[in-house]
Structure formats: C-alpha cells, structure tokens
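Okay, so here's the structure we're looking at.
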Amino acid sequence: MQQWIAEYIAAQQRALNTITPAQLAPLIETLRDVYRGDGQIFAIGNGGSAANASHFAVDLGKGASDKLPRRIRVLSLTDNTPWITALGNDYSYDDIFLRQLQNYARRGDLVITASVSGNSPNLVKAFEWAKQNGVKTIALVGAKRGRLAELADQVVVIGDTHYGRVEDVQMHILHMLCYAFLEHPEWAA
C-alpha cells in the first residue's frame, strides 16, 4: 500500500511539473484585464471540474475580492441546479452553459473551464458561443487536449490523462489565479 501511495504522489508531482510560470502569468494578466474593464468571470466544468469551478468562484469572489478596491464579478455556472436541470430537460444537456452565458455574458467578459478530456459537448458549445460573441476564454485541459484546446484564447495543458491528477493540477492553477490577487492586490491596479 505504501508503495502505491509513493508512486501516486510521484505521478502527481510529475503532472504538476508539466505546467510552468510562463504558462500561468498570461492567465493572471487576463483576469486582471477583465477586472479592470469591470467584466464578469464565468467558471464552468463537469463532475469534479464543476466542483473546482464552484471552489474557484468562492475563492476569487470572496477571498481575492476582500483585498481589492471593488469586488470581482465572478459566477460559477455549475451551481444553479434547478436552472441546469430545466435547460437540460427542455433543450439539451449540451446547452446548460451556453444558455446561461446567453443570459449573462457580454463582450469582454471571460469564461474559464477545467476539463480533463477537453471534448465535453456542453463546454465546447459554450466556448464556440463565447468566441462568436467577444467573450474571452481560458481552458485548462488534460494531455488529450480536445476541441477546447483549439477553441480557447488561452490554453494550459496538464501533461497527464489521469482524471484525479489532472483535476488536482487544475485546482492548483485555479488557486494560483485567486491567490495572485489575494497576496498581490496591487497587480489588479
């Protein structure tokens, strides 16, 4: 058992080592630009990535905002279960994020997603709509990259395909995006 744990930790470290500061600094700059323009940030994802989207919205909207002159406008589109189920039932599960963005998103806003496969139809449709409507996009994807890597304005690929490891590294990145402003509020100025 201890050997398996040691191997898992080593594999997690290897996955984390596939990202670099040079890849992440532009993401922080994009969040800063959206904040400066009073844009809104939308987080989306499925399964564990949906939970990460919610976690990100909490940390950015509460924690990071506490340090800034005005609040960051951030919303996880994974959190309104009645709306999601109504959209999935009445239209298609593939439309659950797209149709929320149609209500909320404006040119200059930002959609950020985490996806291991990069091919979830509901995320792809949301990114296609965002691209057509001047909404910026960031995709954090696993090694398979998928369609999101082709659509997104900014992409970070985690060099692994293991769902748990990729989702953990994605949460590392999302935490860094939040803590950049929590620990360095001057970067938002």
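Only the coordinates and a few stated rules stand behind these numbers; no lab work does. Predicted model only: the values in this text are computed from it and were never measured. In this analysis, Cβ positions are derived from the backbone assuming ideal geometry, glycine residues included, and neighbour counts consider all displayed protein chains.
The table for this structure:
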read-out	value
Cβ-based net charge around Pro185, under 12 Å, with every Lys or Arg adding one and every Asp or Glu removing one	0
Per-selection Kirkwood Rh - the stretch 1-98 (Cα, Å, 1 d.p.)	16.1 Å
Pairwise centroid distance, computed over Cα atoms, of the stretch 48-76 with the stretch 141-189, Å	14 Å
Cβ-based exposure ranking for Met171, Met1, in which fewest neighbours within 10 Å come first	Met1, Met171
Mean Cα-pair separation over length for the stretch 2-188, i.e. relative contact order, pairs under 8 Å, 6 or more apart, %	26 percent
Gyration tensor verdict on the stretch 95-161 (Cα atoms; rounded if a/c is under 1.5, prolate if a/b is larger than b/c, oblate otherwise)	prolate
All lysines inside 17 Å of Lys125 as judged from Cα atoms, apart from same-chain residues fewer than 8 positions distant	Lys136
Residues Ser120, Ser92, sorted so that the one with the fewest Cβ neighbours within 10 Å comes first	Ser92, Ser120
For the stretch 135-148, 3J(HN,Hα) per residue [Karplus equation, 6.51 cos²θ - 1.76 cosθ + 1.60, θ = phi - 60°, Hz, x = Gly/Pro]	9, 5, 9, 10, 10, 9, 10, x, 4, 6, 6, x, 5, 4
